[in-house]
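The structure appears below as C-alpha cells.
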Amino acid sequence: MFWGVESYRSDNDGYVAIVDGEEISRREFEQALRDHHERMRNMMGENFDSSMLDSFEIRNSVLDSLVQQRLLFSEAVSNGFTVLDSQLVNTIRDVPAFQKDNNFSNEQYQELLRAQGLTPTTFESRLRQELLLQQLLDGYSENGFVSNAVAKRVMYLSEVQREVSQVQINSEMFLSSVAPTEEEINDYYDLHRNDFFLPERVRVEYVVLSLETLAENEPISDEAVRNYYDEYQAEFSQDEERKASHILISVSADAEDEEKQEAREKAGDVLEQVTQDPERFADLAKEFSDDPGSALIGGDLGFFGRGVMVKAFEDEIFQMQPDQISGVVETDFGFHIIKLVEIKDAHISGLEEVREQIEKKLKLQMVGSLFGETAEDFSNIVYEQSDTLDGVAERFELTVQESDWIDRNSTQPAVLANNHLMAEIFSDEAINDQRNTEAIEVMPDTMVSARVIEHKSATAQSISIVRDDIVNILKQQLAEDMAVTDGQEKLADLQAGVEIDVVWESEMQISYMQPQGLSIEAVQAIFKANVDRLPAYTGVENPQGGFSLIRIGNVIEPEITDEEKQVSFRKQLQQMVIQEEMSSYLAGLRQRYDVVIREESF
C-alpha cells in the first residue's frame with residue numbers, strides 16, 4: 001500500500017506525537033488520514049471534495065483519535081485486561097461477512113481481507129485491540145444509572161410548555177439618533193489600532209502534483225477495462241435489498257416470563273391497531289416504538305441486505321411482499337411489528353455504467369506504485385530550478401497557477417492553506433530571493449510548491465482611511481446600548497403593573513425541547529420567571545444586539561401518566577449520562593498520561 005510521500009523522505013519527521021512514551025509515527029498518521037478521506041468519499045459520493053478535508057481541524061481530529069486509542073490501550077494493559085484466543089476466534093466466526101451458508105468460510109475471510117489490503121495477522125491484531133478496548137469501556141457503557149425520580153423530573157422539564165409572545169427592541173430603531181464624538185472616534189482608533197493593520201500579503205504562483213492529476217494522463221485500453229470488469233464483477237453487483245419500517249416493544253432477552261408476556265400482549269394490541277388502519281403505521285411507530293433510532297421517523301429502517309438484521313427479523317422480512325405487515329416477531333430485542341415498504345432487486349451494473357469508475361481505479365493503480373519516486377523527482381526539480389516553476393510544470397504536464405493576494409491566515413486556494421506551506425511562503429528566502437518553496441505534502445498524495453511573485457509588508461491604515469468604519473462601529477454600539485436600556489426600562493414598568501404601548505407578536509408555545517427558534521438565554525429566562533401570577537414578564541439581551549421583551553400568558557402542564565414512556569425516557573437519559581461519563585473519563589486519561597504533540601509536523 002502507498003503510505004504517503006513523507007515516508008519516502010528522511011526520518012526527521014518520523015513521528016507526530018508521543019503517548020505515554022510510545023510514538024505515533026507519521027506513517028500511521030498519514031494512513032489514518034487516508035482512511036478518513038476514504039470514509040468521507042464513500043459517504044458523500046459525487047459531493048466529495050477532498051479540499052474540504054485539508055485543514056488543521058481535520059488533521060488534528062484524526063490525530064486526537066489516534067492519541068485517544070493509545071491512551072485507552074495503555075489503560076487497558078495497565079489494568080490487566082486481556083483477550084483470549086478463543087474469544088478472538090469466536091468473534092471472527094460470528095461476523096456475517098465471513099460466513100457462507102451460515103458457517104464461517106476461511107476462503108471468504110481471506111478474500112475479503114485481501115480486498116482491503118489486510119493480512120489475517122494485521123486484521124486479527126486490530127480486532128484484538130478493539131476487543132481489549134471494548135472490555136475497558138464496557139464498565140462505563142453498561143453501568144450507567146439514572147433514578148426514577150431524576151428521570152421523572154427531567155421528563156417534566158422537557159415537556160412542560162409556556163405560552164409566550166415577544167416584542168423586539170432592535171438597535172436599528174436608535175441608529176439615526178446617535179452620533180459618536182470626535183474624541184470617541186480618536187479614542188477607539190487608539191485602543192484598536194492593531195485592528196486596522198493590513199497584514200503582510202503576497203501573490204504567488206504554484207504547481208500541484210497529485211496522484212489523481214497524474215492518473216488522468218495515463219492511457220487505459222478497452223481490453224484492460226474489460227478484463228477488470230470480468231475478473232472483479234462482484235464489485236459491480238448489488239445484492240437484493242429491502243426497505244422496512246418496524247414498531248419495537250422492547251423487553252430484555254433474559255426477562256421474566258411475566259414481563260415478556262406483558263410486552264407480547266402490548267405488541268398484539270399495537271398490531272391490532274395497525275391492522276385496522278395500516279396508513280397509521282408511522283404514527284403508531286412514533287407513539288409506541290421503543291427503538292430510539294427509528295421511532296421519531298415513523299419506524300423507518302431504510303434499505304438493508306441479508307446479514308444485517310438478527311435472523312428472526314431477517315427471515316420474516318425476506319419472505320414478505322411490499323406493503324405487507326407482519327405478525328408479532330420475537331427477537332432478543334423484544335417484539336416487532338414489521339412493514340415491508342420496498343424491494344430493490346439484485347443488480348449487476350453493465351460495463352458502460354462502471355467504465356469510468358474502472359478506468360479511474362486502473363489509472364490510480366498504475367501511478368500509485370510510482371508516486372513516491374515521482375514525488376522525489378518533483379521535489380528535486382523544484383529545488384534545482386529554484387527560480388522558476390516552469391521546468392517542473394513542463395516535466396509533469398502541470399499548470400502553473402496564480403493566487404490573488406493572500407496572508408498567513410488565508411483559506412483560499414485550499415491547497416495553499418497549509419501551515420507548513422504558509423511558513424515556507426512567508427519565509428525570508430521565498431520573499432526576498434523569490435525562490436521556490438520546497439515541495440510540501442499538503443494532503444495525502446498531494447504535493448505543492450509555490451513561488452512569491454509580489455509582496456506587501458504589513459501596514460497601518462491612517463485614521464482618515466478607517467474613520468467611516470469606526471463611526472459605523474461606534475454608532476452600532478451606542479444604538480445597542482440604547483436598545484438594551486429602553487428594553488430594561490419597559491420590562492421594569494411591565495413587572496410593576498404599568499401599561500405600556502407595545503405591539504406583542506403572535507403567541508407561541510415553547511419548551512426546552514421545542515424552543516421555536518428562541519435563544520437558550522431566552523428559554524432559560526422564560527422558565528426561571530415566576531408564574532404564580534399571569535401574565536408574567538421577563539426579558540433578555542439578544543446575542544445579535546437589542547432586547548427581547550417576553551410575556552408569559554399561560555403554563556401548559558404535561559401529562560406524565562404513561563409508565564412505559566417514562567421507562568423509555570429514563571433509558572434515553574441513561575445513555576446521555578453514560579456518554580457524559582465516558583467523555584469525562586477520556587478527558588481524565590489525557591491528563592494522567594504524558595502526551596506530546598509535534599505541532600510543527602502538521
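Here are some notes:
- Residue ranges of helices (runs of 4 or more DSSP H) in the range 101-183 with at least 3 members closer than 30 Å to Ile473 by Cα and over 31 Å from the mean Cα position of the chain (by Cα): none
- Tabulated pairs, the range 114-139, first at pLDDT 80 or above, second hydrophobic (A, V, I, L, M, F, W, C) and exposed (fewer than 11 other Cβ atoms within 10 Å of the Cβ), C-beta under 9 angstrom, 6+ apart or interchain: none
- Conditions (1) touching a residue at least 24 places away in the same chain (Cβ under 8 Å); (2) buried (at least 19 other Cβ atoms within 10 Å of the Cβ): number failed by Ser326: (1)
To keep it simple, each residue is scored yes or no on (1) among the charged types (D, E, K, R); (2) outside any helix (DSSP H, G or I).
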{"residue": "Ile338", "(1), (2)": "no, yes"}
{"residue": "Glu356", "(1), (2)": "yes, no"}
{"residue": "Glu359", "(1), (2)": "yes, no"}
{"residue": "Leu362", "(1), (2)": "no, no"}
{"residue": "Gln365", "(1), (2)": "no, no"}
{"residue": "Ser379", "(1), (2)": "no, no"}
{"residue": "Tyr383", "(1), (2)": "no, no"}
{"residue": "Ser386", "(1), (2)": "no, yes"}
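- Top-ranked residue in the range 63-97 [being of a type in the set (Gly, Ala, Ser) and part of a helix (DSSP H, G or I); ranked as nearest to Tyr593 (Cα to Cα)]: Ser74
- Tallying residues that are among the basic types (Lys, Arg), out of contact with any helix residue (DSSP H, G or I) (no Cβ under 7 Å at 6 or more places or on another chain) and either exposed (fewer than 14 other Cβ atoms within 10 Å of the Cβ) or in a helix (DSSP H, G or I) (or both) within the range 447-504 yields 2.
- Among all positions in the range 199-221, there is no residue which is at pLDDT below 85, outside the structural domain of Ser427 (by TED's automatic domain parsing) and over 34 Å from the mean Cα position of the chain (by Cα).
- Some residue of the range 413-436 being at positive phi, modelled with pLDDT of 90 or more and in a loop (DSSP other than H, G, I, E, B): yes
- Applying the criterion of being in contact (Cβ under 8 Å) with a residue 40 or more places away in the chain and not small (Gly, Ala, Ser) to the residues of the range 176-191, the residue that is farthest from Val466 (Cα to Cα) is Val178.
- Hey, Leu284 at pLDDT 85 or above and either over 30 Å from the mean Cα position of the chain (by Cα) or hydroxyl-bearing (Ser, Thr, Tyr) (or both) or not: yes
The values are calculated or read from the model by the stated rules, or taken from the named source; none is laboratory data. Treat the numbers as computed from the prediction; the structure is a model and nothing was measured. Neighbour counts run over all protein chains shown; Cβ positions are idealised from the backbone, glycine included.
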